[in-house]
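Just below is one structure, and these are the notes that go with it.
The values are calculated or read from the model by the stated rules, or taken from the named source; none is laboratory data. Computed from a predicted structure; not experimentally measured. In this analysis, Cβ positions are derived from the backbone assuming ideal geometry, glycine residues included, and neighbour counts consider all displayed protein chains.
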Amino acid sequence: MERNNLEVSGFCLMYPKDMRHASRMSSDRRRSLDYTKRLVDVASEIGARILVWGSGYARNIPTGISREVGIEWLRGLLKEAGEYAMERDVIIAIEPLNRYESNVVNTVRDAIEMALRVNSAAVRVLCDTFHMNIEETSLRDPIIEVGGMLAHVHLSDSNRALPGRGHINFDEVFEALREIGYDGYVTLEAILGRDISRDLVAARRYLEKFSSDSLIHGR
């Protein structure tokens with residue numbers, strides 16, 4: 001990365017598949033917290049400011065645990081991890097995942113509410129156009145609502161393909177990002193074909209037409 005003058009924008013898919021943040025076992029919840037702090041340390045050490053808090057299998061509320069209790073356990077993890085991240089200049093970005101991948105925090109409004117309950121400047125919100133296409137009635141309105149709490153953006157089309165190969169209106173997305181003055185990363189989280197270089201070049205060319213500012217260039 002250093003040789004090519006590139007930055008690490010962030011990390012996602014961070015947790016082992018056997019990890020459960022909302023486990024009824026306090027030892028499991030402590031393991032999740034300790035692991036999250038280790039992730040914060042790694043991100044801080046290499047200058048990656050964003051930890052994407054998605055990983056639906058890890059954060060799902062297990063059967064038999066009430067939603068209220070599960071959400072409170074999740075909030076507690078984010079609260080303590082957020083305090084730790086604040087000291088290391090790392091942001092934990094809550095990613096709404098569609099209902100088929102997670103049973104909690106499915107919409108941008110859900111993520112905003114969770115972040116507000118945590119009440120830490122180090123815990124903010126991510127918008128992912130694929131998940132938004134499933135769960136939201138508008139692509140613009142949630143971005144406007146999240147405003148300055150937006151920490152990161154994932155881009156893919158409605159079919160998880162590269163932008164421009166589905167039916168998402170990316171004009172609407174970038175207009176909303178400009179409206180809130182977003183100046184962070186927009187990153188591809190899409191399915192690539194066998195010729196990765198060709199796909200990435202095509203994706204950049206497609207996205208550049210929506211913006212001539214830092215939303216694309218240099219990001």
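Miscellaneous remarks
- Counted residues, the stretch 102-123 - those being within 16 Å of G54 (Cβ to Cβ), under 15 Å from the mean Cα position of the chain (by Cα) and either modelled with pLDDT under 95 or not acidic (D, E) (or both): 11
- Close pairs from the stretch 181-195: first within 12 Å of P163 (Cβ to Cβ), partner of a type in the set (S, T, Y) and surrounded by fewer than 21 Cβ atoms within 10 Å (Cβ to Cβ), Cβ under 8 Å, at least 6 apart: T187/S9
- Test result for S44, out of contact with any Asp or Glu (no Cβ under 7 Å at 6 or more places or on another chain) and either within 26 Å of L150 (Cβ to Cβ) or not charged (D, E, K, R) (or both): no
- G56 of a type in the set (G, A, S), touching an Asp or Glu at 6+ places or on another chain (Cβ under 6 Å) and in contact (Cβ under 8 Å) with a residue 40 or more places away in the chain: yes
- Qualifying residue in the stretch 167-184 (condition: of a type in the set (K, R) and in contact with a Ser or Thr (Cβ under 8 Å, 6 or more places away or on another chain)): yes
- Considering the stretch 138-219, the qualifying helices (runs of 4 or more DSSP H), each wholly inside and each with 3 or more residues that are modelled with pLDDT of 95 or more and among the charged types (D, E, K, R), run over 140-146, 170-179.
- Residue satisfying condition, being in contact with a helix residue (DSSP H, G or I) (Cβ under 8 Å, 6 or more places away or on another chain) and modelled with pLDDT of 95 or more, within set N98, N60: N98
- Yes/no for R31 being in a helix (DSSP H, G or I), surrounded by 15 or more Cβ atoms within 10 Å (Cβ to Cβ) and over 18 Å from the mean Cα position of the chain (by Cα): yes
- For L116, the criteria (1) part of a loop (DSSP other than H, G, I, E, B); (2) over 22 Å from L155 (Cα atoms); (3) hydrophobic (A, V, I, L, M, F, W, C); (4) free of Cβ contacts under 8 Å to residues at least 24 places away in the same chain hold in every case but one, which is (1).
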